1. Do you know which residues across region 4-40 are open to solvent by 80 Å² or more (accessible area, probe 1.4 Å) and not aliphatic (A, V, I, L, M)?
2. Collect the residues in region 121-142 that are surrounded by 15 or more Cβ atoms within 10 Å (Cβ to Cβ) and either among the aromatic types (F, W, Y) or closer than 16 Å to N79 by Cα (or both), keeping them in residue-number order.
3. Sort out which residues of region 3-13 are in contact (Cβ under 8 Å) with a residue 24 or more places away in the chain and out of contact with any strand residue (DSSP E or B) (no Cβ under 9 Å at 6 or more places or on another chain), and write them in order of number.
4. Looking at region 160-167, is at least one residue of a type outside the set (S, T, N, Q), over 25 Å from the mean Cα position of the chain (by Cα) and modelled with pLDDT of 90 or more?
5. Could you run through region 121-148 and say how many residues are out of contact with any strand residue (DSSP E or B) (no Cβ under 6 Å at 6 or more places or on another chain) and of a type in the set (D, E, K, R)?
6. Take the residues in region 65-114 that are surrounded by fewer than 16 Cβ atoms within 10 Å (Cβ to Cβ) and touching a strand residue (DSSP E or B) at 6+ places or on another chain (Cβ under 8 Å); name whichever of them is modelled with the highest pLDDT.
7. Please work out if E16 is without any contact (Cβ under 8 Å) to a residue 60 or more places away in the chain and acidic (D, E).
8. Would you check if there is a residue in region 92-102 being of a type in the set (S, T, Y) and without any contact (Cβ under 8 Å) to a residue 12 or more places away in the chain?
Amino acid sequence: MDDYLRDSISPTKDVEGLCHTYRSNLYRNVRYMDEAKTQKCVLPCTPLSVVKLLESQGEYDMSKPSGNRLAGKTITVVNRSEVVGRPLAALLANDGATVYSVDIDSIYVMQRGRMVRTDKTQENACLESDVIVLGVPSKAYKLNPAWISPNTMIVNVASFKNVDEDSLKKIDNVKYVPLVGKMTVAMLERNLLRLYENFHRGATGTEGPSGSSTNSSKAGSDPLFNSPTMFWSLMTCVACTVVSSITTVYLANRR
């Protein structure tokens with residue numbers, strides 16, 4: 001039922017980036033909606049928020065070309081849901097990382113669109129990792145702190161704390177992000193602006209991807225779409241949310 005509902009949403013209106021078109025493009029590392037490469041794909045909000053946090057903390061090497069900025073990095077993602085863990089692993093692998101995708105009964109390694117099962121244990125995967133992303137929706141799960149190497153970045157995306165925060169203080173140079181909710185909201189707003197730029201700015205009712213109508217005969221004259229006030233209000237929301245998220249990371253690292 002979840003897939004049916006997600007796939008019922010037009011790509012021109014899917015602010016969460018989870019319909020079949022965007023999921024398929026993500027797993028095939030297709031980054032644009034058009035051959036001219038003027039319309040970037042919308043990406044799932046929570047995975048995208050993790051990517052932006054990793055960029056802000058220097059895990060991405062911005063001197064390298066796009067698509068290769070995580071080359072040489074190893075990342076473990078403890079979650080393989082269709083909403084968070086699996087798309088996040090694909091995003092990171094598409095950018096050059098070796099990603100261990102951990103679920104309750106299996107571990108897969110992802111590299112450049114390839115996903116194969118591995119016999120590696122969660123302990124070994126975590127000890128090798130530069131970044132560990134925790135997304136287990138249970139208060140019973142806690143990552144063993146003995147599995148965390150010095151200089152590792154820990155990102156908690158679950159609603160529960162998947163790691164004992166006090167234990168992190170005993171590990172050298174660990175970066176810790178305790179939550180990503182505000183950044184996720186910022187990415188939702190970013191996706192809204194991207195949909196507007198891709199399909200609704202000055203549109204005239206032409207068909208979008210898969211033959212879906214943009215319904216922009218109304219959108220083109222709708223003050224909600226064309227108002228500069230709306231645009232800059234959204235941009236202000238995005239900026240404030242990003243600043244708030246980066247401040248959270250900064251304060252967490254000062255503990």
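1. The answer is Y4, K13, E16, H20, R28, R31, E35, K37, T38, K40.
2. Q122, A125, C126, S129, V131, I132, V133, L134, G135, V136, Y141, K142
3. D3, P11, K13 - these are the residues of region 3-13 that are in contact (Cβ under 8 Å) with a residue 24 or more places away in the chain and out of contact with any strand residue (DSSP E or B) (no Cβ under 9 Å at 6 or more places or on another chain).
4. Checked region 160-167: at least one residue is of a type outside the set (S, T, N, Q), over 25 Å from the mean Cα position of the chain (by Cα) and modelled with pLDDT of 90 or more.
5. Here the count works out to 3.
6. S106
7. So E16 fails the test.
8. For region 92-102, residues of a type in the set (S, T, Y) and without any contact (Cβ under 8 Å) to a residue 12 or more places away in the chain: absent.
The values are calculated or read from the model by the stated rules, or taken from the named source; none is laboratory data. As the structure is a computational prediction, the values presented were derived from the model and not from experiment. Methodologically, a virtual Cβ is constructed for each residue, glycine included, from the backbone with ideal geometry; neighbour enumeration extends over all protein chains shown. Ligands, DNA and RNA are excluded from the accessible area calculation, which covers all protein heavy atoms including side chains. Shrake-Rupley method; radii C 1.70, N 1.55, O 1.52, S 1.80 Å.
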